[in-house]
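Report on one structure; see the data block that follows.
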Amino acid sequence: MSEKPAAEGGEKPQGKKKSPLLLIIIGGVVLGGAGVGGYLVLGRSSNAASPDQAGHGPKEGEGHGSSGGHGGGGKDDNKSATADGKRIQVITLKPIIVNLKGTQARRFLKVSIGLETDNPEVAKELTSDDLKTQLNDFLIEKLFDLDINDVDSAEGRGRLKRNIMEGINSDVLRTGGVKRVYFAEFVVN
């Protein structure tokens, strides 16, 4: 009987020695993961263009595309100029969130829109303060009129892109036009 308590007593200190080591290892992994996650989140938000800088794009030889990093940047270099030498710019607007029609405000759409142009005057106009409010209002009105069936298919999203492009070119812009509309973010919830 005296051997049994001694054996139990001998096992307990070993268990206590493993426990702090295990906690230190788990803590290190958690802190390391949090550090990497924080770096990725903060790195993306600090590298992202602010609404005032959106569309100005990187200067020649700078920025996205040359390193082949996130977003398939290497392919953007081939699209930076048209056949006639005009530079293509994509102006990414701030995200817009609207409730979808017919869902009693239970479903919403969050969309970030990129507008492509090869006309520097159009790019300047799209990023000007006096047009931002008008452009935002146009997009909210266009998106607010959608129901879930309008955005639930590739055909519906393609139709929406065409409608947005045609509306911006005819109702919003004063000079030139947008060549293409991109959805940088498209979330239906």
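The values are calculated or read from the model by the stated rules, or taken from the named source; none is laboratory data. Keep in mind the model is a prediction, meaning the values are calculated, not measured. Cβ: placed from backbone, ideal geometry, glycine included. Neighbour counts: every protein chain shown.
I need every pair where a residue in the stretch 132-143 that is free of Cβ contacts under 8 Å to residues at least 12 places away in the same chain and closer than 15 Å to S170 by Cα has its Cβ under 7 Å from the Cβ of a residue that is surrounded by fewer than 17 Cβ atoms within 10 Å (Cβ to Cβ) and of a type in the set (F, W, Y), sequence separation at least 6 or different chains.
Listed by first residue and then by second, the contacts come to nothing, as the list is empty.
How do the pairs read when you match residues in the stretch 100-114 that are β-branched (V, I, T) with residues anywhere that are assigned to a loop (DSSP other than H, G, I, E, B), using Cβ under 8 Å and keeping only pairs 6 or more apart or on different chains?
Every condition considered, the pairs that remain are V111/P95; I113/L93.
Which count do you get for residues in the stretch 100-142 that are assigned to a strand (DSSP E or B) and aliphatic (A, V, I, L, M)?
4
I164 - would you say it is free of Cβ contacts under 8 Å to residues at least 60 places away in the same chain and under 21 Å from the mean Cα position of the chain (by Cα)?
Criteria met by I164.
If you check V172 against the conditions, is it over 23 Å from the mean Cα position of the chain (by Cα), assigned by TED's automatic domain parsing to the domain that holds K86 and surrounded by 15 or more Cβ atoms within 10 Å (Cβ to Cβ)?
Against the criterion (over 23 Å from the mean Cα position of the chain (by Cα), assigned by TED's automatic domain parsing to the domain that holds K86 and surrounded by 15 or more Cβ atoms within 10 Å (Cβ to Cβ)), V172 qualifies.
Per-residue answers, yes or no, for (1) at pLDDT 90 or above; (2) within 21 Å of E166 (Cβ to Cβ); (3) surrounded by fewer than 17 Cβ atoms within 10 Å (Cβ to Cβ); (4) assigned by TED's automatic domain parsing to the domain that holds D171:
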{"residue": "P95", "(1), (2), (3), (4)": "yes, no, yes, yes"}
{"residue": "A123", "(1), (2), (3), (4)": "yes, yes, no, yes"}
{"residue": "D130", "(1), (2), (3), (4)": "no, no, yes, yes"}
{"residue": "N149", "(1), (2), (3), (4)": "no, yes, yes, yes"}
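Residue under question is R157, and the condition is that it be surrounded by 13 or more Cβ atoms within 10 Å (Cβ to Cβ) and modelled with pLDDT of 90 or more; does it hold?
For R157, the condition - surrounded by 13 or more Cβ atoms within 10 Å (Cβ to Cβ) and modelled with pLDDT of 90 or more - is met.
How many of the residues in the stretch 175-189 are modelled with pLDDT of 90 or more and over 19 Å from the mean Cα position of the chain (by Cα)?
Qualifying residue count for the region: 3.
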